[in-house]
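Enquirer: Structure incoming, see below.
The values are calculated or read from the model by the stated rules, or taken from the named source; none is laboratory data. Since this is a predicted model, take the numbers as computed values, not measurements. Neighbour counts are summed over all protein chains in view; Cβ atoms, including those assigned to glycine, are modelled from backbone coordinates with ideal geometry. Surface areas here come from the heavy atoms of the whole protein model, side chains and all, with no ligands, DNA or RNA. Shrake-Rupley method; radii C 1.70, N 1.55, O 1.52, S 1.80 Å.
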Amino acid sequence: MLRDEKNLLGFGCMRFPVLNPDDPKTIDLDQLCKMVDRFLESGFTYFDTAYPYHQGCSEGALKKALVDRYPREAYTVTDKMPQWLITCYEDYEKIFSEQLERTGLSYFDYYWLHNLWRDHYPSAEKYGGFRFLLGLKKGGRAKKIGFSYHDTADLLDEILTNHPEVDYVQL
């Protein structure tokens, strides 16, 4: 993430307010809209969502609370590829296209492979995850590319050595 005053704080979309505490899909859209409004009014712009958040409903709620209500230049959005769901290279495009549709966006400011660690990194290599990310960046569908990471320093070093094309890592 670029370090500037507008991006010092990110709005996480993993735990939105819900109408029914037993059902994460029942997002309280009225409350969420108020939260988004306040966040933007305070000068912040960075929103972080992912495919599995709120059992697949986070991206759509972000569309309603943010994308449908504000001009594109007013915010930045990051989204993540659920590497654990990938079984072939074609899955990347299928899921990515679904994410664009869910969010109502034509591109993501930041896009990454989600939750790389010793069990997920081999499939990213096998199925071409980093190649897919680079294609998104070259095609303008992702401005910055990277991955989130949850494992040892040695594996992180290996990934970064093998993939200097990434712009960032979230630890």
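Enquirer: Protein chains only, probe 1.4 Å: how do His54, His150 rank by accessible area, largest first?
Expert: His150, His54
Enquirer: Separate question: Return a single number: how many Lys pairs in segment 1-131, at a sequence separation of 8 or more or on separate chains, have alpha-carbon atoms below 24 angstrom apart.
Expert: 18
Enquirer: Further question: Taking the dipole about the Cα centre of segment 36-145, with the C-beta of Lys and Arg at +1 and of Asp and Glu at -1, give me whichever of Leu116, Ile145, Phe39 is farthest to the positive side.
Expert: Projecting each Cα onto the dipole axis, the largest value belongs to Ile145.
Enquirer: Suppose every Lys and Arg Cβ carries +1 and every Asp and Glu Cβ carries -1, with no other charges. What dipole size does segment 78-121 come out with about its Cα centre, to the nearest 20 debye?
Expert: Approximately 160 debye in magnitude.
Enquirer: Which trypsin sites (Lys or Arg not before Pro) does segment 16-89 hold that lie in a coil by DSSP with at most 15 other beta carbons within 10 Å?
Expert: Lys25, Arg69
Enquirer: I need to check one value: relative contact order of the chain, counting alpha carbon pairs closer than 8 Å and at least 6 residues apart, in percent.
Expert: Across the chain, relative contact order equals 17 percent.
Enquirer: What order do Trp117, Trp112 take when sorted by accessible area (1.4 Å probe), most exposed first?
Expert: Trp117, Trp112
Enquirer: Related question: Restricting attention to the alpha-carbon atoms of segment 71-136, what are Rg (one decimal) and Dmax (integer), both in Å?
Expert: 12.3, 39
Enquirer: Could you pull the Rg and Dmax for the chain, using just the Cα atoms, both in Å?
Expert: When restricted to the Cα atoms of the chain, Rg and Dmax are 16.0, 45 Å.
Enquirer: Comparing Tyr51, Tyr70, Tyr149, which has the greatest mean-square fluctuation in the GNM of the chain with Cα pairs linked when under 10 Å apart?
Expert: Judging by the Gaussian network model, the answer is Tyr70.
Enquirer: Taking a virtual spin label 7 Å from the Cα of Ser42 along the C-beta vector, which residues in segment 16-36 bring their backbone nitrogen under 12 Å of it?
Expert: 35-36, by backbone N distance to the label point.
Enquirer: So if R0 is 30 Å, what FRET efficiency would Tyr168 and Thr26 give, r being the distance between their Cβ atoms, rounded to the nearest 0.05?
Expert: Efficiency for this residue pair is about 0.35.
Enquirer: Now, a different point. Placing unit charges on C-beta atoms (Lys and Arg positive, Asp and Glu negative, everything else neutral), compute the dipole magnitude of the chain about its Cα centre in debye, rounded to 20.
Expert: For this selection, approximately 400 debye.
Enquirer: How long are the three semi-axes of the equivalent ellipsoid for segment 97-171, computed from the Cα gyration tensor as the root of 5 times each eigenvalue, in whole Å, largest first?
Expert: They are 22, 12, 11 Å, listed from largest to smallest.
Enquirer: Segment 104-142: which trypsin sites (Lys or Arg not before Pro) are DSSP loop and have at most 11 other beta-carbon atoms within 10 angstrom?
Expert: Qualifying residues, ordered by number: Arg118.
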